[in-house]
Structures are given as C-alpha cells and as structure tokens.
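Notes follow the structure.
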Amino acid sequence: MPQVGLGTYLIPNGELKRVIGEAYEMGYRQFDTAWRYHNEREIALALKYHGIKRENVFITTKVNADALYYFGYRYGKHRIFNFRNFRSIKNVVLESFENLQTNYIDLFLVHWPWPMYRRMYEVLTDLYHEGRIRAIGVCSCIPPHLQALAEVSDVVPAVNQFEISPLNTQKQLIQYCQNKGIIVEAMSTFSHYRSNEPRMEILENPVIRPIADKYHKSIAQVVLRWLIQQQIAIIPKTWNFDRLKENISLFDFTLTEEDMSIIDSLDKGKFLNYNPYITFNTRPKYKKNWYR
Ligand SMILES: NC(=O)c1ccc[n+]([C@@H]2O[C@H](COP(=O)([O-])OP(=O)(O)OC[C@H]3O[C@@H](n4cnc5c(N)ncnc54)[C@H](OP(=O)(O)O)[C@@H]3O)[C@@H](O)[C@H]2O)c1
C-alpha cells in the first residue's frame, strides 16, 4: 500500500480526469474513494482515459449505510428505520466493483462504525476470503469498535482510517492500532469541508511556521511529513496542481525529534470532522478508559 495517496472526496467530478492524470504523473499510486463520494465511476473512467493499468494503482473504497437505501439518502430516523427501503450490503459492495470497473479492490473499508458496521465488515470478510478484496479495514474506529469486530470476523482490519492533525494528534489510538499491526491512515488533516477555520489554525500556525521555514517547505508539507515519520499513511485531498505536487514532495527532508515534539505539543483533542467517540456515548460499557 503506497504511503501517500490522493483523497478524492469533493473533487468535482468534471475535474477528476485532469486531477488523476496529473497525480499519476507526479507519482500518486493510491486513490481513496467511497460509494458515498459518487465519483467511483469517474475515477475508473479517468484511469482508463490515461491508459493507467489497473495493477499500477491501489484503489481504496468504502461502504456506508447511506448506500443501502434504494431511494436517495438523508439522515434521520424516518430513513434509518424504514427497512423496506433497504437493499443488501453485498449488492452495495458489488456496486463499487461495477462503478470502478474492476474485478478486485485493493482495500475496502467500512466507512463509519455505525450503524451496521459489523455486518458490513462480515460481508467484506467473505469477499476477502473469496480473493475479490485484497485487504479490508475500517474508518474512525476506536478500540471498543475494533474489539467488537473480532466477534464477527477472523480478519484483523488491515487499516484504520481516522482523523489526525496537529490539533488532534490521536497518540493513544495510533499506538493501539500500530501495536496490533493495523496500519493507521490519516484523513481530514487539514480539516473537512465543513470547517475552514481550523484549517487556517493549522496552515497559518505560528508554531509550525519556523519549522517550515527552516526546511524551505510549506506548513502543509511539514504536517504531512510529521505523519509520514509516525509511519502513518496519508491521503490529502486537493485538485490544485501546485498543492498536489506539494503534498507528495515529502521525502527530501526529515524532521528532528524536537520538531516532532513541537508539533505534538499543539494537540488539544480538537476534531475537525467527525468525533467517533460520540458514537459510544450511548454505550456505557465501552465508555471508560479503553486505552488502559
Ligand atoms: N473515512 C472517512 O470517513 C473520511 C472522512 C473524510 C475524508 N476521508 C478521505 O480523506 C481524504 C482527505 O480528507 P479531507 O478531504 O476531509 O481533508 P484534507 O485532505 O485533510 O483537507 C482538504 C482541504 O485542504 C486543502 N489542502 C490540501 N492540500 C493543501 C496544501 N498543500 N496547502 C493548503 N491547503 C491544502 C484542500 O483545498 P484544495 O482542494 O482547494 O486544494 C481542502 O480544502 C478525503 O478526500 C477522503 O478521501 C475519509
């Protein structure tokens, strides 16, 4: 699995052909998508358009509860409990194969640990054993979520993709996963589309600025390098040519231990996107001290 990939959420579909071509030329080999991004088909078309061979790229996609509804999707009880509207998880997973025009997926993730994430993981496990999916994993799972998976599957997730940023360093969760051999993949490091303000808190950070100046790099590059040096896979999203280049030009400098700890010290547990701990608020048995 390439350590650097391209996140594709919210790249306009009309731009994907250009972006995928440019990214591939620059050396990107992992593309992160999901059923929910409604761009799997465009990604397949872009790869085909540029003559990129299937075996030369690593494709990650995800299955999500939204995908199970026959008619559109909107959050809310009326949808969640309207079971007559449901189609099977397996059909939805197979739809991603069809969208991506491929007979195997490199990494298939469960998009979110609620609802039905264990049932989704079971379906992915079956396809993994059939050899149609090369690795399976999860997103935004904390240890109780991960432990609960062992009750339904004999496959340890290969990857846990979750939010990590200097404002939310997630040290305990990273250590927990890495100790179990689960690859950590960072998402939403520069913050999700719903929150621009924390992005600036990172990208104009006066504490990281001197480190960036020392290496003649941008703050974004220093932050991505800080992840790389923690053995974390990254999938920053951008559809801007210069930023695409910037986000993969990370291997000609090394942060010192002091630089690393300065960035670590910015942690304030601030979620920029989803807070997966909220999912467990209603489940007291899992609530306390999971990391001990
Ligand atoms: N599993 C999940 O639940 C989940 C949730 C969220 C995201 N993801 C995946 O993770 C990927 C990345 O997460 P994300 O899209 O939320 O956030 P992100 O990649 O951390 O941040 C994207 C934002 O940062 C900007 N940006 C990117 N590189 C930059 C640079 N070098 N300098 C300045 N600004 C830069 C982008 O702007 P421009 O585009 O204008 O350059 C965009 O506004 C997604 O695309 C998706 O594939 C997964």
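Each value in this text was obtained by applying a stated rule to the coordinates, not by laboratory testing. In this text the structure is predicted, and so the values were computed from the model without any measurement. Glycine also receives a Cβ, built like all others from the backbone with ideal geometry; neighbour counts cover every protein chain displayed.
Odds and ends about this structure:
- Relative frequency of Cα-Cα separations exceeding 33 Å in segment 5-286, percent: 22 percent
- Charge tally in the Cβ shell below 11 Å around Glu55, where Lys, Arg are +1 and Asp, Glu are -1, Glu55 excluded: +2
- Measuring r between the beta carbons of Asp213 and Glu95 and using R0 = 41 Å, the FRET efficiency lands at 0.30.
- Taking the average, over residues, of other Cβ atoms within 10 Å as the packing measure, peptides 88-101, 228-241, 156-169 rank 156-169, 228-241, 88-101 from highest down.
- Links that overshoot a 29 Å alpha carbon limit, given the list Lys237/Lys270; Lys53/Lys217; Lys48/Lys237; Lys62/Lys245; Lys48/Lys171; Lys53/Lys171: Lys53/Lys217; Lys48/Lys171; Lys53/Lys171
- Rounded to 0.05, the FRET efficiency of the Phe253 and Gln178 pair, given R0 = 22 Å and the Cβ-Cβ distance, is 0.40.
- Under 5 Å from the amide H of Ile183 lie the amide H atoms of Val159, Asn160, each residue being 5 or more positions distant or on a separate chain, with H modelled from the backbone and absent for Pro and chain starts.
- Signed unit charges on C-beta, dipole axis of the chain, positive-most listed residue Ala46, Ser265, Leu10: Leu10
- Distance (nanometres) between label positions extended 7 Å along Cα→Cβ at Arg119 and His38: 2.5 nm
- Calculated FRET value between Leu10 and Arg134, using beta carbons and R₀ = 30 Å, to 0.05: 0.70
- Bridge type composition, the chain - antiparallel percent by DSSP, nearest 5: 5 percent
- With each label modelled as a point 7 angstrom along the Cα→C-beta vector, the Arg18-Glu197 pair spans 3.2 nm.
- Length gained on full extension, Ile52 to Asn240: 65.6 nm, using 0.36 nm per residue less the C-alpha separation.
- Under 12 Å, Cβ to Cβ, from Ile174 - net charge with Lys/Arg +1 and Asp/Glu -1: -2
- Net +/- balance of residues flanking Ile208 in space, Cβ distance below 12 Å, scoring K and R +1, D and E -1: -1
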